[in-house]
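**Student:** Have a look at the structure that comes next, please.
The values are calculated or read from the model by the stated rules, or taken from the named source; none is laboratory data. Owing to the predicted nature of the structure, the values given are computational and were not obtained by experimental measurement. When we count neighbours, we look across all protein chains shown, and the Cβ atoms used for this are built from the backbone with ideal geometry, even at glycine.
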Amino acid sequence: MSHPPHQQINRDLLRPLLQTSWRFYVLVALPAAMVLTGLISWLSQVTFGFGISGIRWPVYWGFYVTNFVFWIGISHAGTLISAILRLVNAGWRRPVTRCAEVITVFALMIGAMFPIIHLGRPWLAFWLFPYPSERLIWPNFRSPLVWDFFAINTYLTGSLLFLYLPIIPDFAVARDRATGLRRRIYGVLALGWRGTPKQWHRLETAMQIMAIAIIPVAVSVHTIVSFDFSMAPVPMWQTTIFGPYFVAGAIFSGIAALLLAMAALRRLLHLQAYLHPVHFENLGKLLLVMALLWGYFVFNERLVTYYGNEPAEMTVFWQTQRESYAPLYWTMVVCNFVLPLILMGIRRFRTITGCIIASIGVLIGMWLERFLIIVPSLGHKYLPYSFGTYRPQPVEMIITAATFAAMILLYALFSKVVPIISMWELKAGDHPPADLIPPATEEHPIGELRL
Amino acid sequence: MRALYGLYADGAAAQQAVNRLRAAGLTDGQITIMTAQPMEDFEFGHIDRKNRLWWVACGGGLLGMAAAFGLTWLTEMSWPIDVGGLPTYAWWPNLIIIFEMTMLGAILATVIGLVVTAGLGRRAGFYDPEVTDGSILVGVENPDPDKVKDLQAALESAPGGRIKTL
Amino acid sequence: MPNWGMAVDLDRCTGCGACVTACHAENNISTVGAEQAARGRAKHWIRVERYWEGEFPEATLKFRPVMCQHCDNAPCEPVCPTYASHHTQDGLNAQVYNRCIGTRYCANACPYNVRFFDFFNPSWDKPLQLQLNPDVSLREVGVMEKCTFCVQRIKSATIAAKAEERELKDGELQTACSQACPSRALVFGDLNDPESEVSRLSRSPRGSKLLEDLGTKPKVAYLSREA
């Protein structure tokens with residue numbers, strides 16, 4: 001993996017921290033305005049009553065829970081790239097890990113707001129936290145929503161720390177280059193890092209432990225989010241496939257988000273020397289694999305439902321396949337399966353532009369998938385008299401748009417204060433441990449897996 | 001003097017400097033090395049390798065597991081409420097809480113262990129910003145005044161070094 | 001310890017809707033207006049479901065009053081994060097408004113769709129606010145509500161009987177819907193008393209439970225139509 005020499009790396013990757021152009025202010029101002037609009041919308045919902053949303057009997061979850069699952073899903077990008085690729089020592093991961101970890105942290109933060117946004121009485125959200133109260137009431141640990149609370153907080157803490165630890169040496173570089181107040185802030189953030197072998201070893205061990213710990217947490221988080229659905233006796237919800245299905249879908253949408261972020265960074269921060277087409281190709285291949293896996297899970301779910309022919313389930317089945325939700329359903333299939341297969345499966349199309357188009361399609365498709373899991377089922381439970389249709393209202397649509405704006409805003413602000421590519425990891429790639437130097441073409445006895 | 005050190009442009013020169021310092025009678029613990037990235041293809045990059053972070057992580061995980069089990073057991077048994085006909089302590093759902101807090105304990109213990117064992121958060125010893133520019137620093141902190149001459153000679157013998165003192 | 005339940009005789013039900021009106025009056029359930037009702041915000045703790053069979057002019061109409069079934073294996077209870085929905089010792093599925101933070105998970109989990117969300121703060125056109133029942137609390141926006149088997153009536157009758165140091169007689173305690181039903185289609189009582197009318201009716205060969213195969217163990221027995 002070729003990349004520029006040491007000083008050049010420092011210069012290129014610290015440039016966004018030390019210089020700002022007018023384009024940055026535009027990139028921040030527009031999303032900030034959208035986020036503010038979203039905040040005002042939500043406050044109007046709290047003030048005027050939940051009724052201004054589109055939620056109704058019996059479809060009590062709509063856009064908000066869709067967004068919740070969608071954003072928590074996107075947060076699985078970082079874990080896959082960062083943790084798994086670190087553990088299998090894939091060298092091409094080095095410029096990509098921090099971009100991915102940042103997506104994880106911010107997507108989690110945005111997703112974690114939705115359990116509060118969609119509450120009827122959000123000012124009481126703190127009751128989900130286990131603390132001894134005068135009411136002698138603790139949270140119900142049997143409830144999937146309390147599992148969500150624990151899981152998302154654990155994952156957020158873990159991801160934040162997993163993001164922060166490798167930034168410490170880069171904060172040290174920034175500290176040594178900056179002046180004035182920024183020097184002091186970076187100095188605090190760098191925790192007095194010097195770069196002795198002792199510190200490097202401890203850091204790398206800690207990162208390894210975190211990588212191994214964060215993978216089961218990530219799998220558990222989206223499984224627990226899927227439990228929000230599979231624990232309720234709703235037709236086409238109460239299925240054991242939801243756990244793996246959701247995790248696979250999460251990784252799928254996470255890779256798509258990562259590809260888009262990388263493409264944007266490459267263009268806006270002029271990182272062509274660091275993010276090569278091969279990075280996009282490799283991630284594009286992963287996107288293809290996840291698209292196939294997604295198709296496998298959908299096929300599984302629907303074939304088993306079709307064979308079961310249970311009246312309540314088949315009502316929901318036909319709703320998505322043939323009736324009112326059919327346009328959304330088939331759009332989802334094209335976006336999630338057909339498009340990635342064509343664009344990522346045919347080598348000629350597996351370019352950066354192809355990756356961008358496929359990723360945008362996947363994000364649209366995965367958002368639709370969450371929506372189509374939630375709304376048709378809730379609208380068609382067991383008693384036909386109580387079927388209902390859901391129509392989203394402006395407040396929900398504005399808040400949905402605001403979350404995308406929030407992601408762009410947070411990402412832009414982050415890349416302004418922290419180098420978006422891990423500098424020391426790039427440089428460390430030139431100094432591999434001695435026992436890894438034999439090239440992959442040489443035979444290794446089985447059992448010599450190096451972690 | 002607080003410190004005597006040399007800045008070298010590549011790992012081979014730094015390795016030479018370290019070897020000469022050892023030949024001059026210093027132990028590994030007395031030699032300070034600083035790099036801008038881990039250099040595992042050189043021997044000096046392997047000093048101080050052994051650490052106990054794995055045990056710390058496991059310990060933290062066990063603490064988390066105990067805390068979660070205590071939290072769920074004590075709260076659910078002290079205030080038993082019938083929900084959906086489930087038993088008072090339903091271990092299947094509680095396993096999820098226990099798992100999450102185990103992992104949280106392991107993660108937090110790892111980070112705290114890192115901060116403590118790597119000496120982060122407090123400025124220990126000397127530092128030169130040129131390290132982050134790519135130079136490798138090899139030197140001695142608070143050198144014995146009698147041995148300064150020998151140490152300086154050792155540092156100068158490695159090629160391309162710039163010797164500095166603090 | 002009583003185990004409260006209900007029996008609904010579908011042969012007697014005429015679909016008049018008196019039970020719905022009585023429930024609104026007894027439990028301080030506000031109406032929401034035509035526009036909000038069209039948007040699905042009506043809160044009918046008991047509703048009369050109507051199903052048509054056949055085509056005009058041979059169409060027949062079936063009525064079925066559906067209220068909270070107070071299931072013994074209620075799917076709405078384990079999913080509430082704050083224990084707002086839980087099972088009492090006398091067999092009721094209790095909804096504690098003060099603990100509800102409005103996640104609406106319980107409503108999604110309920111297969112009978114008998115749980116309702118307060119989309120707005122309740123309001124009554126004057127002078128209807130004068131007929132509010134002082135025994136029942138008003139629910140603010142953001143909480144879930146549903147049929148309670150008129151728990152305020154259960155409590156006051158139980159307390160009165162205890163004060164008089166006697167047992168409750170079958171039929172002495174009625175929910176608003178069973179009291180208002182002109183054809184005595186709705187019968188409320190103690191399922192633990194084998195002699196009570198509701199126990200007798202529950203044992204009827206015409207009796208079945210709604211969505212029983214889901215395993216919720218509902219406590220409302222529906223007696224099928226003969227005609």
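**Student:** Given the conditions (1) of a type outside the set (S, T, N, Q); (2) farther than 24 Å from A:I214 by Cβ; (3) under 15 Å from the mean Cα position of the chain (by Cα); (4) more than 7 Å from chain A (Cβ to nearest Cβ), and given that B:V116 satisfies all but one, which numbered condition is not satisfied?
**Tutor:** Failing condition for B:V116: (2).
**Student:** Is at least one residue of region B:137-146 out of contact with any Ser or Thr (no Cβ under 9 Å at 6 or more places or on another chain), at pLDDT below 90, within 9 Å of chain A (Cβ to nearest Cβ) and at positive phi?
**Tutor:** no
**Student:** Looking only at residues in region C:83-94 that are surrounded by 24 or more Cβ atoms within 10 Å (Cβ to Cβ) and touching a helix residue (DSSP H, G or I) at 6+ places or on another chain (Cβ under 9 Å), which one is farthest from the other protein chains (Cβ to nearest Cβ)?
**Tutor:** Only one residue tops the list, namely C:A84.
One line per residue, one yes/no per condition, for (1) buried (at least 23 other Cβ atoms within 10 Å of the Cβ); (2) touching a Cys at 6+ places or on another chain (Cβ under 6 Å); (3) assigned to a loop (DSSP other than H, G, I, E, B); (4) at positive phi:
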position	(1), (2), (3), (4)
B:T88	no, no, yes, no
B:P93	no, no, no, no
B:T102	yes, no, no, no
B:L108	no, no, no, no
B:I112	no, no, no, no
B:A124	no, no, yes, no
B:T132	yes, no, no, no
B:A154	yes, no, no, no
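**Student:** Continuing with the same structure: If I filter region A:342-365 down to residues being aliphatic (A, V, I, L, M) and in contact with a Pro (Cβ under 8 Å, 6 or more places away or on another chain), which single residue comes out as surrounded by the most Cβ atoms within 10 Å (Cβ to Cβ)?
**Tutor:** Top of the filtered list is A:V362.
**Student:** Mind checking whether some residue in region A:366-381 is farther than 30 Å from A:F48 by Cα, in a helix (DSSP H, G or I) and modelled with pLDDT under 95?
**Tutor:** Within region A:366-381 (the criterion being farther than 30 Å from A:F48 by Cα, in a helix (DSSP H, G or I) and modelled with pLDDT under 95), the answer is no, since none of the residues qualifies.
**Student:** Any idea which residue in region A:370-388 is surrounded by the most Cβ atoms within 10 Å (Cβ to Cβ), counting only those that are under 17 Å from A:E310 (Cα atoms), in contact (Cβ under 8 Å) with a residue 12 or more places away in the chain and facing chain C (nearest Cβ under 7 Å)?
**Tutor:** Selected residue: A:L378.
**Student:** If we keep just the residues of region C:185-211 that are charged (D, E, K, R) and surrounded by 12 or more Cβ atoms within 10 Å (Cβ to Cβ), which is nearest to B:G84 (Cα to Cα)?
**Tutor:** Taking the candidates together, the pick is C:K209.
Conditions (1) facing chain A (nearest Cβ under 10 Å); (2) surrounded by 19 or more Cβ atoms within 10 Å (Cβ to Cβ); (3) out of contact with any Gly (no Cβ under 6 Å at 6 or more places or on another chain); (4) at pLDDT below 95, marked per residue:
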position: C:R12; (1), (2), (3), (4): no, no, yes, yes
position: C:A22; (1), (2), (3), (4): no, yes, yes, no
position: C:N27; (1), (2), (3), (4): no, yes, yes, no
position: C:R47; (1), (2), (3), (4): yes, yes, yes, no
position: C:Y51; (1), (2), (3), (4): yes, no, yes, yes
position: C:G54; (1), (2), (3), (4): no, no, yes, yes
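**Student:** Given the criterion away from chain C (no Cβ under 14 Å), on the phi < 0 side of the Ramachandran plot and not in a helix (DSSP H, G or I), identify the matching residue among A:P139, A:P95.
**Tutor:** On the way: A:P139 fails: away from chain C (no Cβ under 14 Å).
Every option except A:P95 fails the conditions.
**Student:** So A:L191 passes all but one of these: (1) among the hydrophobic types (A, V, I, L, M, F, W, C); (2) within 7 Å of chain B (Cβ to nearest Cβ); (3) more than 30 Å from A:L145 (Cα to Cα); (4) in a helix (DSSP H, G or I). Which condition number does it fail?
**Tutor:** Here A:L191 clears every test but (4).
**Student:** Also, I was wondering about something else. For region B:40-60, how many residues are more than 15 Å from the chain's Cα centre (by Cα) and either in the same structural domain as B:Q16 (by TED's automatic domain parsing) or touching a residue at least 60 places away in the same chain (Cβ under 8 Å) (or both)?
**Tutor:** 1
**Student:** Tell me, which helices (runs of 4 or more DSSP H) lie completely within region C:126-217 with 3 or more residues that are touching a residue at least 40 places away in the same chain (Cβ under 8 Å) and touching a Gly at 6+ places or on another chain (Cβ under 9 Å)? Talk me through it step by step, then tell me what you get.
**Tutor:** Details: elements: C:151-163, C:176-180, C:197-202.
Ranges flagged: C:197-202.
**Student:** Check B:L63, B:L104 and return the single one that is in contact (Cβ under 8 Å) with a residue 40 or more places away in the chain and at the interface with another protein chain (Cβ under 8 Å from one of its Cβ atoms).
**Tutor:** Going through B:L63, B:L104 in turn, just one is in contact (Cβ under 8 Å) with a residue 40 or more places away in the chain and at the interface with another protein chain (Cβ under 8 Å from one of its Cβ atoms): B:L104.
**Student:** Just name the residue that is farthest from the other protein chains (Cβ to nearest Cβ) out of those in region B:7-41 that are in a loop (DSSP other than H, G, I, E, B) and buried (at least 19 other Cβ atoms within 10 Å of the Cβ).
**Tutor:** By that ranking, first place goes to B:L26.
**Student:** Right, something else. Quick one: which residue in A:L128, A:L181, A:L161 is touching a helix residue (DSSP H, G or I) at 6+ places or on another chain (Cβ under 6 Å), more than 10 Å from chain B (Cβ to nearest Cβ) and of a type outside the set (S, T, N, Q)?
**Tutor:** After ruling out the rest, the residue left standing is A:L128.
**Student:** Something else now. For A:V219, indicate whether it is of a type in the set (A, V, I, L, M), surrounded by fewer than 22 Cβ atoms within 10 Å (Cβ to Cβ) and within 14 Å of chain B (Cβ to nearest Cβ). If you could, list the steps in order and put the result at the bottom.
**Tutor:** Values: of a type in the set (A, V, I, L, M): yes; surrounded by fewer than 22 Cβ atoms within 10 Å (Cβ to Cβ): yes; within 14 Å of chain B (Cβ to nearest Cβ): yes.
Against the criterion (of a type in the set (A, V, I, L, M), surrounded by fewer than 22 Cβ atoms within 10 Å (Cβ to Cβ) and within 14 Å of chain B (Cβ to nearest Cβ)), A:V219 qualifies.
**Student:** Test of understanding: among A:T205, A:T154, which residue is touching a helix residue (DSSP H, G or I) at 6+ places or on another chain (Cβ under 6 Å), modelled with pLDDT of 95 or more, crowded, with 22+ Cβ neighbours inside 10 Å and more than 14 Å from chain C (Cβ to nearest Cβ)?
**Tutor:** A:T154
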